[in-house]
Structure formats: structure tokens, C-alpha cells
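The values are calculated or read from the model by the stated rules, or taken from the named source; none is laboratory data. Computed from a predicted model, the values in this text were never measured in an experiment. Note that each Cβ is placed from the backbone with ideal geometry, even for glycine, and that neighbours are counted across all protein chains shown.
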Amino acid sequence: MAQLWGGRFEGETDELAWAFNASIGFDQRLLKEDIEGSIAHAKMLEKQGILTNSEASEIVRGLSSIYADVYGGSLAITDRYEDVHSFVEANLIERCGDVGKKLHTGRSRNDQVALDMRLYTRARVIDIDKCLRALRETILNLMKEHIDTVMPGFTHLQKAQPVTLAHHLGAYFEMFTRDSSRLKDLCARLNVCPLGAGALAGTTYPLDRAFTATLLGFDGPTRNSMDSVSDRDYLIEFLSALSMIMMHLSRFSEEIILWNSNEYGFVEISDAYSTGSSIMPQKKNPDIAELVRGKTGRVYGDLMQLLTTMKGLPLAYNKDMQEDKEGAFDAIDTADACITLFTGMVRTLRFKKDVLEKSAALGFTNATDAADYLVGKGVPFRDAHGIIGRLVLRCVEKNCAIDDLTLTELREFSDSFDEDVFDAISMQTCVEKRLTTGAPGRKAMEEEIRVSEEILKEDWTTAYNDTISDP
Ligand code: ARG
């Protein structure tokens, strides 16, 4: 046990208590952030005359060498240390002696861990947005390819009106675009630096908090020091944005699973993203989509865990807050993997155009248009609705589509039907005529695709890129 404290203690820590208390097992992934933060702190102490130039340089060199050695494989992070902060400090003292002991001047692990988590979260928010961008590009490419692929649109999972595949996929483009803008919003809010808040009440050293904030690419220091060390809102916001992303992925997965089933047969998932059965040789299962849907619950769970951990905490820091890490890491890793795999799966889907179009044709999706046709011939809409309803009943009995009936048969229901009805209710016409903003008609979709392309050009993450280089 390599403790950072001890002066006040007479007895040893119980071994189980030590292990229970330690976080090195999972917070070692904050090594880079911890070292970056420490380097910025040392440079600020130097600027303020709290450390001499040579002390600060020695500390910075020591910190960089720890980073290089861990990544080079010559220095192992072991459970002799309580957490990543004590690991770095103990190793620094080993390398720099008494000078190393000066690094923690005007700092507490409370503001240190608050900083590390913010730096880490910021980097991962940007990673997740990059994954989302690749998914949105993939969707947009498919939209361009399938602007004329007619398929049934559903409500209540019943065929409703004809749409196009581009239109259906465009709905997901919107969802993931909103997700990206949520990440942008929360990133702007989290981008403030808690370092210098100390344990809870600031410090008596003349720290320049704005300087440290600038070095670390933050917009400025946090304000209230008690809030600074006890705030995990940004993490909760991130987990809730991830939950929303997972919810969208899960809905999309559900549709792909249905579409890939024997009954629908709208798509075929590529072999690369399917698995077989150990007993049934004919099976090709959509496991990846199912797992994405399944892992959604796990990310929601991580969000609930953190909300619950935080709900009863008095100000300021409490050790409960160490529990923010494992769930957050799990949610971030899970969402990252899900978006990435999902993108590959969607990119390689084989859409069966003929099945999609036939499904729209045989589902009475043109019934509304048939009623509208009669309205165009002077029949009041409510009467037209009744006429087409009776007509559909006849088609159900005959097991055919409305446009399979002859004009004579149609005229049995209304003498307003003319030869031009067949063109008016063809699937192509039904889609083409839907030209309101956001509708599936070609002109409307072309505009939607054009705007989507513009939206994709904006990359908000560049405002944060490369603020931090490897120590
Ligand atoms: N491992 C701790 C955490 O993750 C670091 C902060 C420790 N602070 C303290 N006062 N014990 O929260």
C-alpha cells in the first residue's frame, strides 16, 4: 500500500478496506488526463512564482517520462496505489525527489479528479460525435441511392401510405443529427476548468485559474469552488445523450430485425454482421442488431446508477462520487462500439427493392389517394372514404390490389371513376404527389438531402480539436 496520507494515522488500513476504497483498477484510464492536468498545474505554479523555473521543468519532465514509460511498457500501474493520482505522484517523487513533492501545492485530489473526468469526457464526447458522423454519412448515401425506392410507410405497424426508402431512412438521419447537436450543447457547457477549486474552498496560494484553464483548452475556470468539486452534471448529461442515441439505434435495430425476417424480407443483413445457429443449419440471425437493441438497457442502467448515486449527496466532495467512473466508462464504450458496428451493418445491408415496392402495392397504401381521386371528381371526402372502404373490402375478398380491379368493377362502387384513376393511384404517382416540405416526393426529398448535406458539413468538434497533445 502506497498511501498519500498517514501522518494522522496510528494503525494500518485493513486490507479489504484498502482494496474496497481503491479505484486504480478503473481510473488508470485517466492517466493521460491526470498527467496533462498536472503539467498545466505545474506551469501555472511556475508562472505565479510558487515553483521556480527549474522545479517546474523538472516536474514536467518527470511527468512526461511517467507517461512515456507506462505507454512504452516499462512502467506498470499496480494496485499498490490507491488511484491514478497517487500512482503519478508517487512515481514523480521517486524520479524527482523533494521537487516532486511540491506538485500538489494548492491542489486536492477533489479538483484533480474533477478535472481528469472533464478532460476525459470532453475527448469521448468528440469521439462519439465522430462515430455518429460516420453513421449519418452512411444513412445519407443510402438516401441518395434510394430516392425512388417505394416502400410502405407504417402506422401501428400496419401499412399506411407509400413512402420511399430514402424518406424512411431520412427519419433516422434527423434523430442522429439531433443527437449530435445534444453533444455539441453539453460539450459547450462542460468546457470549464475545475482545477484550483482545491478540496472545496479554493486555496490561499495565488493561483491563476484562468491560465490553467487556457492551457487545457477550456473556455475558462468554473465559478463556485464547492460546485466545482461536486458537480457531475456534465457526465449525467452525456449519459443521457448516450441513452437517447441508444434508443434511436435500438428502434432502427428493431426495424432491421423485422425487415430481415422471412415474413418481411425487405433486406438482407450481410454475412459479416450475421451469425448462424449451432443446430438449425438454415438460420442466419441478426445478432448484431439484437445486441445493439439489448445493450440499450445497459446504457440506461448506467445513467440511472449515476443519477441515483448523486441524488442524496451533501456538498461538497463525497467518496460516493468515485462511483461515477465505471458506469460512465461502460456507457461510453458500449455506445461507441454500438454506433460503430451498427454503421458497418447498415452500410452493407442489401435492400430488396422489388419486395419493398410489391409490399407497398399490395398493402392498400394508395387507399387515401384513391379517396382523394374521387374528391377531385367532386365526391365529398367522407363519402369517398366510405366508397374506398367498401372497395378495399372487395379487394380483400378477391385478394388483389385496388388497381388490379377493372374500370367496370370500380364503377360498381362509384360512377366518378374514369380511366385516369389507374395513373392517379399508381405507387409512383402516390409518392410523387407528396411534395410538402419533409414529404417523400422526389422534389421534396431532393431538398431534404441537400439540406442534410449542408448540415453534415458543419463539424462543431473542430472547435475542441488538438487543444491537448500527448504529454
Ligand atoms: N479516486 C477518487 C475519486 O475518483 C479521487 C478523489 C479522492 N478524494 C478524496 N478526498 N478521497 O473520486
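Taking the range 273-283 as the region of interest, how many residues are crowded, with 17+ Cβ neighbours inside 10 Å and either assigned to a strand (DSSP E or B) or touching a residue at least 40 places away in the same chain (Cβ under 8 Å) (or both)? So that I can check it myself, show each step before the final result.
Keep residues of the range 273-283 that are crowded, with 17+ Cβ neighbours inside 10 Å, which gives 273-274.
Filter once more, keeping what is either assigned to a strand (DSSP E or B) or touching a residue at least 40 places away in the same chain (Cβ under 8 Å) (or both): 273.
Count: 1.
Taking the range 223-237, which residues are hydrophobic (A, V, I, L, M, F, W, C), surrounded by fewer than 22 Cβ atoms within 10 Å (Cβ to Cβ) and within 14 Å of A316 (Cα to Cα)?
Filtering the range 223-237 down to residues hydrophobic (A, V, I, L, M, F, W, C) leaves 226, 229, 235-236.
Now drop any that are not surrounded by fewer than 22 Cβ atoms within 10 Å (Cβ to Cβ), which leaves 226, 236.
Passing the criteria: only M226.
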* Based on what the data block shows, is G378 surrounded by fewer than 17 Cβ atoms within 10 Å (Cβ to Cβ), at pLDDT 95 or above, in a loop (DSSP other than H, G, I, E, B) and out of contact with any Asp or Glu (no Cβ under 6 Å at 6 or more places or on another chain)? -> yes
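Which fully enclosed helices (runs of 4 or more DSSP H) of the range 47-158 have 3 or more residues being closer than 25 Å to R182 by Cα and away from the ligand (no atom under 16 Å from the Cβ)? I'd like the intermediate steps shown before the answer.
Numbers: elements: 53-72, 84-96, 109-145.
Passing ranges, in order: 109-145.
Go through the range 284-324 and report how many residues are assigned to a helix (DSSP H, G or I), within 28 Å of R107 (Cα to Cα) and either among the basic types (K, R) or away from the ligand (no atom under 15 Å from the Cβ) (or both). Working first, answer last.
To start, the set of residues in the range 284-324 that are assigned to a helix (DSSP H, G or I) comprises 287-310, 319-324.
Subsequent filtering for residues that are within 28 Å of R107 (Cα to Cα) retains 306-307, 309-310, 319-324.
Adding the requirement that they be either among the basic types (K, R) or away from the ligand (no atom under 15 Å from the Cβ) (or both) leaves 307, 319.
Of the residues in that region, 2 qualify.
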* Asked: Of (1) part of a loop (DSSP other than H, G, I, E, B); (2) among the polar types (S, T, N, Q); (3) surrounded by 14 or more Cβ atoms within 10 Å (Cβ to Cβ), S452 satisfies all except one. Which?
  -> (1)
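Picking from L190, L132, L169, L140, which residue would you name as being aliphatic (A, V, I, L, M), under 22 Å from the mean Cα position of the chain (by Cα) and either surrounded by fewer than 16 Cβ atoms within 10 Å (Cβ to Cβ) or closer than 17 Å to T340 by Cβ (or both)?
Working: L190 fails: either surrounded by fewer than 16 Cβ atoms within 10 Å (Cβ to Cβ) or closer than 17 Å to T340 by Cβ (or both); L169 fails: either surrounded by fewer than 16 Cβ atoms within 10 Å (Cβ to Cβ) or closer than 17 Å to T340 by Cβ (or both); L140 fails: either surrounded by fewer than 16 Cβ atoms within 10 Å (Cβ to Cβ) or closer than 17 Å to T340 by Cβ (or both).
Residue meeting the stated conditions: L132.
Is it the case, given these coordinates, that A335 is in a helix (DSSP H, G or I), within 16 Å of the ligand (Cβ to nearest atom) and within 28 Å of D111 (Cα to Cα)? Explain how you work it out, then say what you get.
Working: in a helix (DSSP H, G or I): yes; within 16 Å of the ligand (Cβ to nearest atom): no; within 28 Å of D111 (Cα to Cα): yes.
So A335 does not fit the description; no.
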* Hey, A439 hits all of (1) free of Cβ contacts under 8 Å to residues at least 12 places away in the same chain; (2) outside any helix (DSSP H, G or I) but one; which does it fall short on? -> (1)
* To do: Note down all Cβ pairs under 6 Å where the first residue falls in the range 306-328 and is farther than 18 Å from G198 by Cβ, the second is aromatic (F, W, Y) and within 14 Å of the ligand (Cβ to nearest atom), and they're at least six residues apart or on different chains.
  => K325/F26; E326/F26
* Filtered residues of the range 147-180 (kept if without any contact (Cβ under 8 Å) to a residue 12 or more places away in the chain and among the hydroxyl-bearing types (S, T, Y)) -> T155
* Criterion violated by E397 - all others in (1) part of a loop (DSSP other than H, G, I, E, B); (2) exposed (fewer than 11 other Cβ atoms within 10 Å of the Cβ) satisfied -> (1)
* Flag for F422 being over 45 Å from the mean Cα position of the chain (by Cα) and surrounded by 15 or more Cβ atoms within 10 Å (Cβ to Cβ) -> yes
* Meets criteria (within 16 Å of the ligand (Cβ to nearest atom), more than 30 Å from L393 (Cβ to Cβ) and touching a residue at least 40 places away in the same chain (Cβ under 8 Å)) for M345 -> no
* Condition met for R80 (of a type in the set (K, R) and surrounded by 20 or more Cβ atoms within 10 Å (Cβ to Cβ)) -> no
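Let's see how each residue does on (1) surrounded by fewer than 16 Cβ atoms within 10 Å (Cβ to Cβ); (2) under 23 Å from S243 (Cα atoms); (3) among the small types (G, A, S):
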| position | (1), (2), (3) |
| --- | --- |
| K311 | yes, yes, no |
| A316 | no, no, yes |
| D336 | no, yes, no |
| L341 | no, yes, no |
| M345 | no, yes, no |
* Structure fact -> Log entry, pairs with first residue in the range 1-20 being under 23 Å from K101 (Cβ atoms), second being outside any helix (DSSP H, G or I) and modelled with pLDDT under 85, beta carbons closer than 6 Å, six or more apart or on different chains, reads W18/M1
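Go through the range 51-77 residue by residue and tally those that are in contact (Cβ under 8 Å) with a residue 40 or more places away in the chain and either buried (at least 22 other Cβ atoms within 10 Å of the Cβ) or within 25 Å of Q3 (Cβ to Cβ) (or both). Step through it out loud before you land on a result.
Quick first cut of the range 51-77, residues in contact (Cβ under 8 Å) with a residue 40 or more places away in the chain only: 51, 55, 58-59, 63-64, 67, 77.
Restricting the remaining residues to those that are either buried (at least 22 other Cβ atoms within 10 Å of the Cβ) or within 25 Å of Q3 (Cβ to Cβ) (or both) gives 51, 55, 58-59, 63, 67, 77.
The number of residues fulfilling the criteria is 7.
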* Structure fact -> Matching residues in the range 180-213 (over 21 Å from L51 (Cβ atoms) and either more than 16 Å from the ligand (Cβ to nearest atom) or modelled with pLDDT under 95 (or both)) number 13
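Give the residues of the range 277-298 that are more than 30 Å from A331 (Cβ to Cβ) and either in contact with a strand residue (DSSP E or B) (Cβ under 7 Å, 6 or more places away or on another chain) or among the hydroxyl-bearing types (S, T, Y) (or both), sorted by residue number.
Filtering the range 277-298 down to residues more than 30 Å from A331 (Cβ to Cβ) leaves 277-284.
Once the filter is applied, which keeps residues that are more than 30 Å from A331 (Cβ to Cβ) and either in contact with a strand residue (DSSP E or B) (Cβ under 7 Å, 6 or more places away or on another chain) or among the hydroxyl-bearing types (S, T, Y) (or both), the range 277-298 yields S277, S278.
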* Check whether at least one residue in the range 356-371 is farther than 15 Å from G265 by Cα and touching a Ser or Thr at 6+ places or on another chain (Cβ under 6 Å), and report yes or no. => no
* To do: Count, please, the residues in the range 251-272 that happen to be touching a residue at least 40 places away in the same chain (Cβ under 8 Å) and buried (at least 20 other Cβ atoms within 10 Å of the Cβ).
  => 6
